[in-house]
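Here is the structure we will look at.
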Amino acid sequence: MRIAIDARMGHTRVGMGVYVRGLLFGLSKIDKENDYYIIINKNKKEDFVPIQDNFHKIYISITYSDYLKRDFWEQVYLPLKLRKAKIDVYHGPNYVLPFLSRTGMVLTIYDMISFASSEWYKPISRFRVQRLMKLSAKKANKIIAGSENTKQDIIKILKLPCDKIKVIYIGIDDIYRPIADKYKLDNIKNKYKIDSKFILHVGSLQARKNIPRLIEAYSKLPMELLAKYQLVIAGKRSWKVEEILAKVKQLGLNDKVVFTGFVDDNDLPLLMNAANLLVFPSLYEGFGIPPLEAMACGTPVVASNTSSIPEVVGDAALLFDPYNIKEMTKAINRALTDVKLRNKLRKRGFERIKQFSWEKAARETLQVYKEVYKNKIRRN
């Protein structure tokens with residue numbers, strides 16, 4: 001087979017970038033026979049593309065934010081490119097496919113966030129994503145969903161048949177592991193101006209991450225815990241970040257809440273190891289990677305009981321209602337003070353992450369490619 005994969009987001013650390021990099025790594029480990037044509041940005045990092053005889057690069061110079069040029073390339077030029085390269089299966093790990101192409105099509109849908117709440121998307125972006133996702137889902141021969149929860153959302157919202165959708169869990173990078181080097185852990189705290197024990201949240205600062213409620217829940221911890229632990233919020237600033245900053249100021253927590261900004265790939269495993277607890281209070285996730293990354297580092301996790309999160313963390317996290325501040329505070333308090341619970345969560349976390357690997361995800365994805373290819377041959 002000749003398989004094309006859109007990897008334009010592979011240079012980023014956001015969900016789509018993590019997925020693309022991990023999938024390519026997994027495929028390179030399990031498949032030396034099929035040919036892969038990896039579509040990447042000309043002026044971006046490409047070190048995530050495996051150096052292997054059956055992996056080839058297709059360069060473009062159009063960013064995701066350049067809508068007009070991007071639409072022309074995806075809907076006019078790309079189908080011609082796929083035809084010229086004699087591609088059998090095209091995999092779009094985003095919400096858009098080249099609608100004019102007759103190549104076999106696989107679409108990955110991480111989540112249905114754009115349909116979930118009008119508060120979480122700018123109106124124009126929301127309309128665009130919804131429209132393109134509907135068209136792409138209809139065009140796709142097979143859809144890969146990041147979780148069973150996402151699959152059910154796709155069926156319900158897009159009215160698609162169950163057998164068109166395959167759930168494939170992502171993997172966890174092996175850089176997430178326990179680190180006992182005190183010198184490195186102290187250094188990472190110094191780098192991000194953390195001067196005490198701390199509770200960690202990882203994720204971009206946007207509305208669905210539920211950070212204002214997390215800050216309020218933290219503020220209601222007993223005084224002895226507030227004195228002992230800082231709240232560290234790691235992630236880049238996003239739309240409506242002002243509400244988060246205003247909440248910190250309103251509660252008088254300027255010296256207790258640390259905003260790290262974007263955290264480098266090499267720093268995040270150290271930060272997770274240095275943390276005493278990871279809190280993940282998101283209102284909606286298609287999968288939710290940080291809890292598993294924290295578990296791989298041996299850090300206890302408390303998390304929201306909504307969307308795909310319970311499915312992902314299983315019994316290895318203490319769950320709470322993300323809309324209930326009192327319940328969130330109680331969960332954080334318990335996870336910080338109950339030694340038996342912390343040890344239980346740590347042990348269960350190490351067991352849980354064994355179910356998530358990129359080689360497993362790659363094998364299941366390759367089976368999807370083969371199915372689409374066989375059906376394409378049968379139709380022709």
**Fill in**
Scalar couplings 3J(HN,Hα) for segment 293-309 by Karplus 6.51 cos²θ - 1.76 cosθ + 1.60 (θ = phi - 60°), nearest whole Hz, x for Gly and Pro, are 4, 5, 4, 5, 8, x, 9, x, 10, 10, 8, 5, 9, 10, 6, 8, 4
**Item:** Three-way shape call for segment 293-360 based on the alpha-carbon gyration tensor, with the a/c threshold at 1.5
**Value:** oblate
**Asked** Amide H of Y37: which non-local residues (sequence gap of 5 or more, or other chain) have their own amide H closer than 5 Å, using H built in the peptide plane?
**Response** I3, A4, I5, H56
**Within the chain, longest stretch clear of exposed chymotrypsin sites (Phe, Trp or Tyr not before Pro) (DSSP loop, no more than 15 other Cβ within 10 Å)** = 100-238
**Message:** Could you tell me the center-to-center distance, by alpha carbons, between segment 1-48 and segment 240-287 in angstrom?
**Reply:** 29 Å
**Complete:** extent check for the chain: Cα max minus min per principal axis, descending, whole Å, gives 70, 42, 39
**Fill in**
By accessible area (1.4 Å), largest first, D181, D6 order as D181, D6
**Item:** Residue of A227, A207, A362 that the Gaussian network model of the chain assigns the largest fluctuation, springs spanning Cα pairs under 10 Å
**Value:** A227
**Prompt:** In segment 126-218, which trypsin sites (Lys or Arg not before Pro) fall in coil by DSSP and have 12 or fewer other Cβ atoms within 10 Å?
**Reply:** K159, K193
**Prompt:** For the residue pair K340 and C162, what label-to-label distance in nm results when each label sits 7 Å from Cα along the Cα-to-beta-carbon direction?
**Reply:** 4.1 nm
**Message:** Exposed loop sites here are GluC sites (Glu not before Pro) in DSSP loop states with at most 16 other C-beta atoms within 10 Å. What is the longest stretch of the chain lacking them?
**Reply:** 47-380
**Fill in**
Simple SL model, points at 7 angstrom along Cα→Cβ for N333 and S125; separation in nm is 3.7 nm
**Request:** Please give the length that would be gained between I155 and F350 if that part of the chain were fully extended, namely 0.36 nm times their separation in residues minus their C-alpha to C-alpha distance (nm, one decimal).
**Result:** 67.0 nm
**For peptides 295-302, 11-18, sequence by mean Cβ density within 10 Å, most packed first** = 295-302, 11-18
**Prompt:** Sorting L200, L68 by accessible area (1.4 Å probe), largest first, what list results?
**Reply:** L68, L200
**Message:** Explain nothing, just compute: Karplus ³J(HN,Hα) = 6.51 cos²θ - 1.76 cosθ + 1.60, θ = phi - 60°, for every residue of segment 43-50 in order, whole Hz, x for Gly and Pro.
**Reply:** 9, 10, 4, 10, 5, 7, 7, x
**segment 249-380, Cα convex hull volume normalised per residue, Å³** = 165 Å³
**Prompt:** Which FRET efficiency, nearest 0.05, do V76 and I377 yield, Cβ-Cβ r, R0 30 Å?
**Reply:** 0.70
**Request:** Please list, in chain and number order, the residues 5+ apart from V167 or on another chain whose amide H is under 5 Å from its amide H, with Hs placed from the backbone.
**Result:** A145
**Request:** For segment 186-234 and segment 326-380, write down the distance between their C-alpha centroids in whole Å.
**Result:** 25 Å
**Item:** For segment 102-111, 3J(HN,Hα) per residue [Karplus equation, 6.51 cos²θ - 1.76 cosθ + 1.60, θ = phi - 60°, Hz, x = Gly/Pro]
**Value:** 9, 5, x, 10, 10, 10, 9, 10, 6, 7
**Asked** Hey, if we sort R70, R21 by accessible area with the 1.4 Å probe, largest down, what's the order?
**Response** R21, R70
**Prompt:** For the pair K57 and D265, how long in nm is the line joining their label points, each one 7 Å along Cα→Cβ?
**Reply:** 1.4 nm
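The values are calculated or read from the model by the stated rules, or taken from the named source; none is laboratory data. Quick caveat: nothing in here was measured; it's all calculated off a predicted structure. FYI the Cβ positions are ideal-geometry reconstructions off the backbone, even for glycines, and counts take in every protein chain you see. Each accessible area value is taken on the protein alone, full model and side chains, heavy atoms only, with ligands, DNA and RNA left out. Shrake-Rupley method; radii C 1.70, N 1.55, O 1.52, S 1.80 Å.
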